[in-house]
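Right, one structure below, let's go through it.
The values are calculated or read from the model by the stated rules, or taken from the named source; none is laboratory data. Note that the structure is predicted; figures quoted are calculated from it, not measured. Positions of Cβ are generated from backbone atoms using ideal geometry, with glycine treated the same way; all protein chains shown enter the neighbour counts. Side chains are part of the model used for accessible areas, which takes the heavy atoms of the whole protein and leaves out ligands, DNA and RNA. Shrake-Rupley method; radii C 1.70, N 1.55, O 1.52, S 1.80 Å.
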Amino acid sequence: SLRLASAALTSLHVCWCTHLRKLFLECDNLSSLYAYGCAQLGDAAVLSTRLACLELQKCAALDDGLLARLALAARGAQLVLMNLTDCKALRTPRINCARLRVLHLYNCLQLRSLVLFCPALNLLNLTHCIEVTQLSLVCPTLATLLCAGCKKLPDDQLVAVMQACPSLHTIDLT
């Protein structure tokens with residue numbers, strides 16, 4: 001368990017802390033949190049209005065509920081990049097982040113559906129999300145959608161994404 005409160009802290013790296021289960025940060029100036037490889041991290045709170053970068057790849061215990069709490073806390077923040085690569089407990093996340101520009105959900109093998117309200121999103125990486133069947137996106141600036149290996153994603157879902165995302169110019173369906 002790690003609890004920090006600091007007005008000066010702007011960046012925190014707690015990578016590969018394989019026994020870390022709880023993380024509570026009261027750091028108003030925190031702009032970057034790197035917690036990848038924290039496989040048991042199942043409870044976290046980040047209180048910061050400046051959070052711009054949230055790197056949580058390979059956090060195997062990160063589920064929809066924890067992601068919702070983190071995204072809700074960051075909604076008023078400056079969050080522009082979220083990397084959730086290899087977060088295998090994510091199934092049906094709903095993300096509402098006004099400034100988010102890049103979202104990586106690469107190799108989230110249990111991801112079945114995704115609901116996004118991210119008006120500034122430019123890149124969405126769903127590569128190897130082999131169970132995804134539903135996408136609901138309100139992302140008018142989405143330019144790049146990476147869906148290589150998404151074998152269960154139906155054609156009608158892709159058509160709906162293309163209609164909802166008028167700026168989309170690159171799709172990888174390999």
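So here's what we get for this one:
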| read-out | value |
| --- | --- |
| Apportionment of accessible area to carbon and sulfur, the chain, percent (1.4 Å) | 55 |
| For the chain, size of Cβ-based charge dipole, Lys and Arg +1, Asp and Glu -1, in debye | 240 |
| Contact order relative to length of the chain, as percent, for alpha carbon pairs under 8 angstrom and 6 or more apart | 13 |
| Degrees separating the helix 64-74 axis from the principal Cα axis of the chain, which is the longest one | 70 |
| Positive dipole terminus of the chain, leading residue within Ser1, Asn29, Leu116 (C-beta point charges) | Ser1 |
| Residue-normalised accessible area of the chain, given per residue in Å² at a 1.4 Å probe | 46 |
| Estimated [θ] at 222 nm from DSSP helical runs (n ≥ 4, -39500 (n - 2.57)) normalised by residues in the chain, nearest 500 | -3500 deg cm²/dmol |
| The range 13-103: C-alpha gyration tensor shape, a/c 1.5 cut-off, then a/b vs b/c | oblate |
| Amide hydrogen neighbours beyond the local backbone of Arg91, cut-off 5 Å, H modeled | Asp64 |
| Relative compactness, the chain, computed as alpha-carbon Rg over 2.2 N^0.38 Å | 1.01 |
| Extension gain, Asn122 back to Leu109 (0.36 nm per residue minus Cα-Cα distance, nm) | 2.4 nm |
